[in-house]
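Step one of this worksheet: look at the structure below.
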Amino acid sequence: MGASNKKLRAARAAIRALYASLPSVPCKGLCQASCGPIDACVGPVEREMAGGLDLAVMEWPPAACPMLTEDGKCSKYENRPYICRAWGAIDHPDMTCPWGCRPSRMLTEKEGLDHLRKLMEIEARYAGETNLLDGDDESRV
């Protein structure tokens, strides 16, 4: 196995572990209207894990997420990116489900940012940009 394949496998495993550490949000299936114009993937590994999500080919702004099926279900649900997994799990006005879907414990805004920072670090390591996230500069998150 080549070094790049090992690196990709390690990055995928680290991202899966990060995803697993997010609280599970019991969903009522009412959030399709919230699936809108966002930058869904942090980097190339997450994009590849989501089946090649390519936001560059989308009309902008989209009326709805292009990954929604005709019946309003997520076609990438099992492989959805971090932002979709974190929505409803972070105690922040922009991330709280307006339909009342709540995990048993909400992440604080700081915990949500810490998770996002970890995801960015995994992507940066995979890309070989090891000093990309040095320091505590919140503007990079």
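Annotations
- The lysines whose alpha-carbon is closer than 22 Å to the alpha-carbon of K6, local same-chain residues fewer than 8 away aside, are K118.
- Amide H contacts for L68 (H built 1.01 Å from N in the peptide plane; partners 5 or more residues away or on another chain; cut-off under 5 Å): S75.
- Peptide packing: for 104-114, 69-79, the average count of neighbouring Cβ atoms within 10 Å per residue gives the ranking 104-114, 69-79, highest mean first.
Only the coordinates and a few stated rules stand behind these numbers; no lab work does. Note that the structure is predicted; figures quoted are calculated from it, not measured. When we count neighbours, we look across all protein chains shown, and the Cβ atoms used for this are built from the backbone with ideal geometry, even at glycine.
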